[in-house]
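Structure record follows, encoded as structure tokens.
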Amino acid sequence: MVDVNQHELVPEHTLIDEEEVESVLQQYDTERANLPKIKRKDPALPDEAEIGDVVKIVRDSRTTDRAVSYRLVIE
């Protein structure tokens, strides 16, 4: 089976801890439920991702070199 995380077009997906989640939510003045969603079955997620976790996604960007986004793992 192919590991999609090793593909060059799949951005880096990293689970973040609760302390960093709280920092991100304060920075963007939002709540966890308002974050964009990602399904638990998404093959790009780390195996240890659970429903309710927040994932940091780092993509290459033409304008800012790196673009960081956050997603809430849902069922």
Within the stretch 55-72, the residues that are of a type outside the set (A, V, I, L, M) and either assigned to a strand (DSSP E or B) or surrounded by 10 or more Cβ atoms within 10 Å (Cβ to Cβ) (or both) are Lys56, Arg59, Asp60, Ser61, Asp65, Arg66, Ser69, Tyr70, Arg71
Picking from Glu19, Glu75, Glu12, which residue would you name as being at pLDDT 95 or above and loosely packed, with under 15 Cβ neighbours inside 10 Å? Glu19
Scan of the stretch 22-33 for residues that are more than 12 Å from Val73 (Cα to Cα), in contact with a strand residue (DSSP E or B) (Cβ under 9 Å, 6 or more places away or on another chain) and either exposed (fewer than 12 other Cβ atoms within 10 Å of the Cβ) or of a type in the set (Lys, Arg) (or both), ordered by number: Tyr28
In the stretch 38-54, how many are out of contact with any helix residue (DSSP H, G or I) (no Cβ under 9 Å at 6 or more places or on another chain), within 7 Å of Val73 (Cα to Cα) and surrounded by 15 or more Cβ atoms within 10 Å (Cβ to Cβ)? 1
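The values are calculated or read from the model by the stated rules, or taken from the named source; none is laboratory data. Computed from a predicted model, the values in this text were never measured in an experiment. Glycine gets a Cβ as well: all are built from the backbone with ideal geometry, and neighbour counts include every protein chain shown.
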